[in-house]
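Comments concern the structure below.
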């Protein structure tokens with residue numbers, strides 16, 4: 001479990017749970033303990049997570065793998081999460097904003113060594129030269145992946 005994990009009795013976690021509970025109810029979903037736990041970890045870690053990463057983030061909560069898959073699918077269908085493949089054949093899930101939908105479309109950095117994903121909201125995604133998508137491509141999603149080595153991996157390598 002990473003250092004980003006917040007203890008279950010934290011006031012910060014209570015605020016996150018309250019926000020996630022409101023999001024679930026706004027979508028007509030019950031705010032079950034497993035759904036809240038998954039959404040809270042997605043919010044806390046603030047980056048796309050694979051199913052194994054979600055399981056690790058949940059830690060001692062000990063939800064079974066199949067239930068977590070089903071919940072991720074349900075939350076994606078409810079438009080609370082986005083499912084993406086950044087070209088490495090691993091499905092990752094990202095918490096969508098309920099306030100700023102434009103902020104949801106952003107680039108991602110994939111470290112080629114440790115496979116860590118970092119959101120790059122400051123990288124602007126827009127059509128070149130003011131162009132728009134052709135009408136036959138309505139509803140298309142834009143995914144931009146930047147690959148390289150993250151700072152942690154660079155610091156751990158020796159260049160002799």
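Give me the number: length gained by fully extending residue 43 to residue 78, i.e. 0.36 nm times residue separation minus the C-alpha to C-alpha distance, one decimal in nm.
Gain on stretching residue 43 to residue 78: 11.0 nm.
Can you give the three extents of the C-alpha atoms in segment 1-99 along their principal axes, from longest to shortest, in whole Å?
37, 30, 25
Hey, with R₀ at 25 Å, roughly what FRET efficiency would residue 144 and residue 14 work out to, going by the Cβ-Cβ distance, to 0.05?
0.10
I need 38, 117, 44 ordered by Cβ neighbour count within 10 Å, fewest first.
Exposure proxy ranking, most exposed first: 44, 117, 38.
Please arrange 54, 90 by how many other C-beta atoms lie within 10 Å of their C-beta, fewest to most.
Numbers: 54 22, 90 16.
Fewest-to-most ranking of 54, 90: 90, 54.
Give the order of 63, 109 when sorted by the count of other beta carbons within 10 angstrom, beginning with the fewest.
Ascending Cβ contact count within 10 Å gives the list 63, 109.
Since every read-out is calculated from the coordinates, none of them should be taken as a lab result. As the structure is a computational prediction, the values presented were derived from the model and not from experiment. Backbone-built Cβ (ideal geometry, glycine too); neighbour counts: all protein chains shown.
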